[in-house]
1. Does A:G237 count as within 14 Å of chain B (Cβ to nearest Cβ) and within 30 Å of A:P68 (Cα to Cα)?
2. Restricting the search to the range B:262-294, which residues are within 12 Å of B:R236 (Cα to Cα) and in contact with a Lys or Arg (Cβ under 7 Å, 6 or more places away or on another chain)?
3. On the given criteria, is B:L294 modelled with pLDDT of 95 or more, in contact with a helix residue (DSSP H, G or I) (Cβ under 6 Å, 6 or more places away or on another chain), not β-branched (V, I, T) and not in a strand (DSSP E or B)?
4. Just to be sure before I move on: is D:D80 touching a His at 6+ places or on another chain (Cβ under 9 Å) and under 30 Å from D:E11 (Cβ atoms) in the structure I sent?
5. Could you say whether any residue in the range C:269-277 is at pLDDT 95 or above, buried (at least 24 other Cβ atoms within 10 Å of the Cβ) and touching a helix residue (DSSP H, G or I) at 6+ places or on another chain (Cβ under 8 Å)?
6. Select from the range A:19-69 the residues that are closer than 29 Å to A:E221 by Cα, among the basic types (K, R) and within 11 Å of chain C (Cβ to nearest Cβ) and list them in ascending order.
7. Does A:A72 fit the bill of being among the hydrophobic types (A, V, I, L, M, F, W, C), closer than 27 Å to A:G226 by Cα and surrounded by fewer than 16 Cβ atoms within 10 Å (Cβ to Cβ)?
8. Just to be sure I understand, how many residues within the range D:70-112 are away from chain C (no Cβ under 14 Å), within 18 Å of the chain's Cα centre (by Cα) and hydrophobic (A, V, I, L, M, F, W, C)?
There are 4 protein chains.
Amino acid sequence: MVLAVKQNADEQQLQNLIKWIESLGVTVHLSRGSHTTIIGLVGDTASIDIDLIRSISIVETVKRIQEPYKSASRKFHPDDTIVDIAGHKIGGGHFQVISGPCSVECEEQICETALRVKAAGANLLRGGAFKPRTSPYDFQGLRADGIELLLKAKKLTGMPIVTEIMDASHIPMFEQVDVIQVGARNMQNFELLKMLGKLDKPILLKRGLANTITELLMSAEYILAGGNKNVILCERGIRTFETATRNTLDISAVPLIHQLSHLPIVIDPSHATGIPWMVEPLSVASVAAGVDGLIIEVHNDPINALCDGAQSLTPDQFDKTMVTISNMAKFVGKRL
Amino acid sequence: MVLAVKQNADEQQLQNLIKWIESLGVTVHLSRGSHTTIIGLVGDTASIDIDLIRSISIVETVKRIQEPYKSASRKFHPDDTIVDIAGHKIGGGHFQVISGPCSVECEEQICETALRVKAAGANLLRGGAFKPRTSPYDFQGLRADGIELLLKAKKLTGMPIVTEIMDASHIPMFEQVDVIQVGARNMQNFELLKMLGKLDKPILLKRGLANTITELLMSAEYILAGGNKNVILCERGIRTFETATRNTLDISAVPLIHQLSHLPIVIDPSHATGIPWMVEPLSVASVAAGVDGLIIEVHNDPINALCDGAQSLTPDQFDKTMVTISNMAKFVGKRL
Amino acid sequence: MVLAVKQNADEQQLQNLIKWIESLGVTVHLSRGSHTTIIGLVGDTASIDIDLIRSISIVETVKRIQEPYKSASRKFHPDDTIVDIAGHKIGGGHFQVISGPCSVECEEQICETALRVKAAGANLLRGGAFKPRTSPYDFQGLRADGIELLLKAKKLTGMPIVTEIMDASHIPMFEQVDVIQVGARNMQNFELLKMLGKLDKPILLKRGLANTITELLMSAEYILAGGNKNVILCERGIRTFETATRNTLDISAVPLIHQLSHLPIVIDPSHATGIPWMVEPLSVASVAAGVDGLIIEVHNDPINALCDGAQSLTPDQFDKTMVTISNMAKFVGKRL
Amino acid sequence: MVLAVKQNADEQQLQNLIKWIESLGVTVHLSRGSHTTIIGLVGDTASIDIDLIRSISIVETVKRIQEPYKSASRKFHPDDTIVDIAGHKIGGGHFQVISGPCSVECEEQICETALRVKAAGANLLRGGAFKPRTSPYDFQGLRADGIELLLKAKKLTGMPIVTEIMDASHIPMFEQVDVIQVGARNMQNFELLKMLGKLDKPILLKRGLANTITELLMSAEYILAGGNKNVILCERGIRTFETATRNTLDISAVPLIHQLSHLPIVIDPSHATGIPWMVEPLSVASVAAGVDGLIIEVHNDPINALCDGAQSLTPDQFDKTMVTISNMAKFVGKRL
């Protein structure tokens, strides 16, 4: 951490500041210039509150040089984390496709879709039981009943299931769920993250609409710091000025997260654009960029989908897309 | 709602689509053009899922003409909502300043600050007990103990208290809290909003970092639809590419929300920029734009503030700022 | 400027880097930490190319501590710049309203509008002769003829005229123009800025849609560095994810620019939102925030306006708005 | 185009509006609802000024259903445009790599780099003679001398050259340049675009930092409307809230532009992130997404690069990257 001191600071104030910073457990290096005096904080600055430093009256600016996360950082954990989901591995060269409908609607729908996506090569089944919807008048999901239906589909197909949680109090309902998903709107629901940190179940953590990669890694840090090491990150498009696509897929997040962190990262091309025909080109681009997995929405009857049908593929479209994805994954050396 | 049909749609598909739309309870108006066929949906379209329409294969684009909210809309509720907080009114010409420290730290701090902000003219006391922090290593608030300390300050000063909730399961702890604040990161925590809709306590709903005004009003709709009519909206800066200020204060939200909705709107200039000396100019600008209230952070000892001290004023600075704000509020005809 | 060196840098590389930095004319302060080595550059770093530093293989990150502009900085020029436009002063407490139609369309239109805005209290006349339009099929302005018409209105009313330039080769046509406006899309048309730096005519420099305040000041620096000291900055809304208004007015730019720079700053509330009824609330908010002037579009017949009529006030609306603005300007102590 | 009429509009106003719209040459379809009356404009609406419609007092909202561009649209030109640059084709399955230094610095540098990138497989040479720099104190390019040096490198290697223009008055200097590049900051320099529309030389048009895909296509429309059909579009990253990369590469632009337009699209991974090691993963991702070409910065001595060295590869790194890119291009069926 480095801070610049205001020109009008007097010597006494400067000495007080230095003494106080040293009391935080870091070493201070002082550089006096003609226009600016710079203080470098050397040591473990991850736990220093940058806003607090900024609040001090004689401080002009303060910048972080090191990342504010540790457990999520590759610096302290050079090897890739490989998350094992009932035998299906993700990360460290292992690649997975997670697929299924946006919302669970009925037994027939989830079971039929599960059979189709499994046949096409997806190993993990997704489906929404609790649905975050912008409008209170939109379909809110089957909730507990939706989880029951997912478990039926799991029993039928043997596929581990991935589904979203919306409130910490619902955790007991997720006991038999294989991967708990934290949606983009809850990426900074810190109370929920803390509770999930106490489980040993894999957590799929989606990046918030307007959250930086650093903030995503800080939210992962909440889970990791609680003791749960099974975190899978997910890029699903960020909010920008562009309106031609629902969100803007930040594909740079893939190589960047692979450099900054050891955690696996997947991409959700369905939510990134909201346009079904763009799923295939963005999926292969993501695989080429090195992604560890994909989440793709498939619905056996998109016109009657109760939610987000807009971005779902039909099973037939998914069959074709999976061939293209598998070929690309093999070409770039992924283990499927 | 208006949708354009793809050029290659055949007549049978078009007729099926029209029949299905009519089954949703709205009337259809068809306009056939040489290049594009347009379908207008007339009637109550607020409960129609736009994503579902978009998913239909022969639909090229779909646009909403009416707002998707009702209880929050001024169209159906022309008079200003006035929220009464233990006798202190906000909205409909009534103006309030809510003030206090970012975090509650100890009895002395919260009580001293409360006495000072009351003396300066603030009628409502704010203070964080549960603190959403980006880093798990930053101070997380005194939690239940923080609420106890706020209640002591309330007893001492008679000021109603405003404090943030972070999880629906904490509601019982907020029984004696006068206004429950929903923070920016929880604006779309829909499970929480639904629970708050069942209370009759005023809710201060902050706009999310990357949420549109329409989405803010939809989140208010969750609370209103549950039966709780006491919603105060809060603009606190949005996330943009500009880094000179922490966020970008969207002052246009004030006149815009006053036109679209009957709900009162307040501004938080402290979080909007994170720069204490900007609180005063942005406060008076907000009052001039017609805002119904302000939330201003004040700390009796900013350097030692455990959180967000960066943006707090000292009590002396606040005294001076309150004079300027009061003069402006009187000038524009607000009732203090 | 401060830079962090990569962990794997060897001593020889580090010494080479230090020697090279010193050759740029600044002093180096070295802080060696257990995890990171930090180098502080002390002296005049405004002319050091930050991208060049970032390119060096052993450099992990580099951050600027000082602003990269000088002539525009208040540090080196503490007193407010007051720009004098044919006797009408702007800046340093002097306040001006610049008004007129978006586009000049015909003699009757520009002269009638000029008479009306002058009667309402505006001292400066604006009108577009050269119009930047997104579509090649939209009206492109009367060009040279438009300037002739503006000069007629100037002769009739005595009002100095403000009009936009779109290409450096047009400068000779602007000889009798009092203030040359650089539009948002040309804020980084550096060839044009260099040419304008050689004139001694006031330049109204609009902030680009996605440009930071630092970049706006850097563009002003281009003009100032050329010798032209008469620069007026203009905030006109930035591009964000919010679509309810055409752009998002960044009102914080007013106090911030007043702190960082000595140059006057005006606000264009017409372009900021594109919604005519919002001109009045945003104008008074801007005045309350300390702005030095306003640019307001007025058209004597908005329905038939060939361009941007959407955001124009009628002369009657402008009369009423000017009363409100004048009252507020007097209240905050501006000299009109 | 579809517009909603305000609730309080009277019948006479509505009839006047309809009559006026019909005078613009389009057919009107009227849908009267209980809450909203909707008017559909059917016919050629590309030349209707949406802002003008929005300005009419009884209009509540107006939305475009069709794209506002024609010459750039695939609807009116279904086959891919293939741009031929001295025998090297781009578009329609043909793939090209354009490579060279950010700035031309001296004969040795440009010639050496040209020989290296040609040997590695790039067919087109890029190099900046005129450089748009944020700061007036940064290196501004060798200008006319830079073009001379590029022509020497062209003579030596036979590679066609691509270089950026910054002002319409410089066009005569570009006579022997093979492809004229319009930089991101000039994407809406409409005077320049009009002049380039009169040439028959290929134009490489870069997307602006904060411009939508529709706006990029509208700027292409300026060139096409002038008669120049040789336009190559370029995505080079957009400005968002994310600061970990210099810009955010919008990879979705590739499939989207291929659907909306017949023009070829290339990606500039060097400028998109400003991080040299990310060039390779983003290049292969772009190729997988179907891009028609890449622009990659290579410098024979990055540490001493006068500009943007930050994002350049060394020739050795480029050799390796080109192997990976070529393999991917062949895998997805591109013709090199």
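1. Values: within 14 Å of chain B (Cβ to nearest Cβ): yes; within 30 Å of A:P68 (Cα to Cα): yes.
So A:G237 passes the test.
2. Matches in the range B:262-294: B:D268, B:H271, B:A272, B:T273, B:G274.
3. Working: modelled with pLDDT of 95 or more: yes; in contact with a helix residue (DSSP H, G or I) (Cβ under 6 Å, 6 or more places away or on another chain): yes; not β-branched (V, I, T): yes; not in a strand (DSSP E or B): no.
No.
4. Working: touching a His at 6+ places or on another chain (Cβ under 9 Å): yes; under 30 Å from D:E11 (Cβ atoms): no.
It is false that D:D80 is touching a His at 6+ places or on another chain (Cβ under 9 Å) and under 30 Å from D:E11 (Cβ atoms).
5. Going residue by residue through the range C:269-277, those that are at pLDDT 95 or above are C:269.
After this cut, where a residue has to be buried (at least 24 other Cβ atoms within 10 Å of the Cβ) as well, the list is C:269.
Retained after the next criterion (residues that are touching a helix residue (DSSP H, G or I) at 6+ places or on another chain (Cβ under 8 Å)): C:269.
The answer is yes; a qualifying residue exists.
6. Passing the criteria: A:K63, A:R64.
7. Details: among the hydrophobic types (A, V, I, L, M, F, W, C): yes; closer than 27 Å to A:G226 by Cα: yes; surrounded by fewer than 16 Cβ atoms within 10 Å (Cβ to Cβ): no.
No, not satisfied.
8. Residues flagged as away from chain C (no Cβ under 14 Å), within 18 Å of the chain's Cα centre (by Cα) and hydrophobic (A, V, I, L, M, F, W, C) within the range D:70-112 amount to 7.
The values are calculated or read from the model by the stated rules, or taken from the named source; none is laboratory data. Keep in mind that what you see is a predicted model, and the values were worked out from it rather than measured. No Cβ is skipped: glycine too gets one built from the backbone with ideal geometry, and neighbour counts run over all protein chains shown.
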